[in-house]
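Have a look at the structure below before the remarks.
The values are calculated or read from the model by the stated rules, or taken from the named source; none is laboratory data. Computed from a predicted structure; not experimentally measured. Heads up, the Cβs are rebuilt from the backbone with ideal geometry, glycines too, and the neighbour counts pull from every protein chain shown.
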Amino acid sequence: MKITRRHAFIHPLLLTTIAFAGASGLGVVWARHQITVTAKRTHELENRLVQVQRNLDELNTVLTAEQSVPTLERRNTEWHLGLLPPASAQVVRVTAADERLFAARGVTGQLPEFAPRPAPAAVRLTANTRAR
């Protein structure tokens, strides 16, 4: 009598193919989820940027109004400051090109006159070491 054994047999290549397909499917789902999360975060940041720009424009409008000559003269009289208008020699007009030039130099550190100055050698802080 011949005994035949019948076992469920899954070919290793078939098992590998199924595992690879499952892992690939899971990877695609994860990648799509990450794309969705990134798109949502980008949308939130764009909305925040628009709101910050709007607030900056409003603040610029308020500052421009407060720096106007009639407003400054009115504040001077309201608050009894007694300030005199500046003489023409005291006023320095700065153009937009000069502002960009000064900003570029300030960022790169090319304006030594605006750098903090070290304390003079005669004014040094030392610990109190008097003999008793």
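Here is how the numbers come out for the structure above:
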{"item": "Close pairs (7 angstrom Cβ cut-off, 6 or more residues apart or separate chains): at negative phi in segment 78-103, outside any loop (DSSP other than H, G, I, E, B) and at pLDDT 75 or above anywhere", "result": "Leu83/Asn76"}
{"item": "Checking Gln110 against (1) at pLDDT 85 or above; (2) surrounded by 10 or more Cβ atoms within 10 Å (Cβ to Cβ); (3) not in a helix (DSSP H, G or I), the condition it does not meet", "result": "(1)"}
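The rows are residues; the columns are (1) hydroxyl-bearing (Ser, Thr, Tyr); (2) surrounded by 10 or more Cβ atoms within 10 Å (Cβ to Cβ); (3) out of contact with any Cys (no Cβ under 8 Å at 6 or more places or on another chain).
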site	(1), (2), (3)
Gly22	no, yes, yes
Leu26	no, yes, yes
Thr36	yes, yes, yes
Glu58	no, yes, yes
Val92	no, no, yes
Ala104	no, yes, yes
